[in-house]
Amino acid sequence: EDQVTQSPEALRLQEGESSSLNCSYTVSGLRGLFWYRQDPGKGPEFLFTLYSAGEEKEKERLKATLTKKESFLHITAPKPEDSATYLCAVESGGSQGNLIFGKGTKLSVKP
Amino acid sequence: SQTIHQWPATLVQPVGSPLSLECTVEGTSNPNLYWYRQAAGRGLQLLFYSVGIGQISSEVPQNLSASRPQDRQFILSSKKLLLSDSGFYLCAWSVQRQPPLHFGNGTRLTVT
């Protein structure tokens, strides 16, 4: 069964304190791994797609990386506005474009 | 550019009442459309997806149904709501069978 596990569930950082979020997955034939940001009471906002091990994508203070078993979302020198829940999702070979989501990591950045 | 609209934003309904949530997409043709539910402490759960008008696939047996009467319109319905139907309902679209999915801002449903 395809599965996505995110850790930690919650992460509190001081402004400027860099860290990483983890997404481990078990899927039959990974077609893509996706990172989203979700603010309270809003729908998830798409951040990145990663397709193959070794691939990296960057956007401002965020960098996503992918291995054969997991993905990391690195946050460099975070600011309070980076506070949100970050969701990881995978598309497997037999999913017809549907995504399987992890439960997310709630990030809080204090000034 | 493409936009997705979901309404209402919040809804409080008594147990046993009917439900209709609507979602429309603008700026694209023949999208894949999705209904997800997000419960506290749980990940997003796929409820229904549609690859075309009148074509609905259900992922989870439940008290809900979905319909796609027009290319860019997706409706989530129930004849009689249960307490367990409470949650945050999200509509999403993608290019045909090609993620990523793009989400609306959701409907917070509380069944009392």
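Take the cross-link list A:Lys106/B:Lys79; A:Lys63/A:Lys110; A:Lys106/B:Lys80; A:Lys42/B:Lys80; A:Lys59/A:Lys79 and give me the ones stretching past 24 Å between alpha-carbons.
Checking Cα-Cα distances, A:Lys106/B:Lys79; A:Lys106/B:Lys80; A:Lys42/B:Lys80 exceed 24 Å.
Within 10 Å, at most 16 other Cβ atoms, and a DSSP state outside H, G, I, E, B define an exposed site. Report the longest part of chain A free of exposed trypsin sites (Lys or Arg not before Pro).
In short, A:70-111.
Write down the Å³ per residue value for the convex hull defined by the alpha carbon atoms of chain A.
About 89 Å³ per residue, rounded to a whole number.
Where nothing but the Cβ of Lys and Arg (+1) and of Asp and Glu (-1) is charged, how large is the charge dipole of the protein assembly as shown around its Cα centre, in debye to the nearest 20?
300
Restrict the search to the stretch A:49-95; then list the GluC sites (Glu not before Pro) that DSSP places in a loop and that have at most 11 other Cβ atoms within 10 Å of their Cβ.
A:Glu60
What net charge do the residues around A:Gln6 carry, taking every other residue with its C-beta under 14 Å from that of A:Gln6, with Lys and Arg at +1 and Asp and Glu at -1?
Here the charged neighbours net out to +3.
Quick one: pull the percent of accessible area on the stretch A:3-92 belonging to carbon and sulfur, 1.4 Å probe, ligands and nucleic acids left out.
Within the stretch A:3-92, the accessible surface is 46 percent carbon and sulfur.
What accessible area per residue, rounded to a whole number of Å², is obtained for chain A using a probe radius of 1.4 Å?
With the other protein chains kept in place, chain A gives 50 Å² per residue.
List, largest first, the extents of the alpha carbons of the protein assembly as shown along their principal axes, each in whole Å.
Largest to smallest, the principal-axis extents are 49, 36, 36 Å.
GNM, chain B, Cα, under 10 Å: largest mean-square fluctuation among B:Gln38, B:Gln98, B:Gln70?
B:Gln98
The values are calculated or read from the model by the stated rules, or taken from the named source; none is laboratory data. All figures in this text were calculated on a predicted structure; none of them were measured in a lab. Cβ: placed from backbone, ideal geometry, glycine included. Neighbour counts: every protein chain shown. Quick note on the areas: whole protein, heavy atoms, side chains included, nothing else; ligands and nucleic acids left out. Shrake-Rupley method; radii C 1.70, N 1.55, O 1.52, S 1.80 Å.
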